[in-house]
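First the structure, in the form of structure tokens, and then the observations on it.
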Amino acid sequence: MSSTLCFVIVGRNDCPLYDAELGTAPRRDEAAHLHQFIVHAAIDIVQDAVWATNNMYLKAVDKFNDLLVSVYVTAAQTKLLLLHDARNEDGIKNFFQEVHELYIKVLMNPLHVPGSKIISTVFDARVRALAKRHL
């Protein structure tokens, strides 16, 4: 069974900091662009949903055909967005919490400039490992 997973970290000013296609579905360029479009289109909905709740995990905030966009917002208003096609609320929540911890470790690195793209291969490998474990 193949799954569609697209994960994006968006900074405070809506600039993308990290993105990855994590699913097992065959990769096609047009699908990757569609996934990014769906995720970025959901950012406006996220900004409205943040003010309606105190929770960091906002669950599924948007839907496109059979794809859902789940969101986790940090205290610094950094948004972690996951486009997925399967319902696994506990796994998604755990994935977001552990990626948030990884993201904090990246921010604590004195050589990382806050607000810049995350290009660390170690971060990428750990995010992919978390996706395999939780999603």
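The HN-Hα couplings worked out from phi for segment 42-55 by the Karplus form 6.51 cos²θ - 1.76 cosθ + 1.60 (θ = phi - 60°) are 6, 4, 4, 5, 4, 4, 6, 5, 4, 7, 8, 8, 9, 6 Hz, whole numbers, x standing for Gly and Pro.
The alpha carbons of the chain give a radius of gyration and a Dmax of 13.9, 42 Å, in that order. Shown here for segment 66-135: trypsin sites (Lys or Arg not before Pro) in loop regions (DSSP other than H, G, I, E, B) with at most 15 other Cβ atoms within 10 Å, namely R87, K117.
On the beta carbon distance between D14 and L34, with R0 = 22 Å, the FRET formula returns roughly 0.70. Normalised by the number of residues in segment 6-106, the average gap of Cα pairs under 8 Å and 6 or more apart makes the relative contact order 26 percent. Summary of the geometry: segment 80-108 and segment 1-78, compared by the centres of their Cα atoms, lie 11 Å apart.
For the chain, the mean residue ellipticity at 222 nm estimated from helices alone is -13000 deg cm²/dmol, where every DSSP H run of n ≥ 4 contributes -39500 (n - 2.57) and the total is divided by all residues, rounded to the nearest 500. What the phi angles of segment 81-91 give under the Karplus curve with 6.51, -1.76 and 1.60, with θ = phi - 60°, is a coupling list of 10, 10, 9, 8, 10, 10, 8, 8, 4, 5, x Hz, glycine and proline written as x.
All of the numbers you see were taken from the coordinates with simple rules; none came from a lab. In this text the structure is predicted, and so the values were computed from the model without any measurement. Neighbour counts are summed over all protein chains in view; Cβ atoms, including those assigned to glycine, are modelled from backbone coordinates with ideal geometry.
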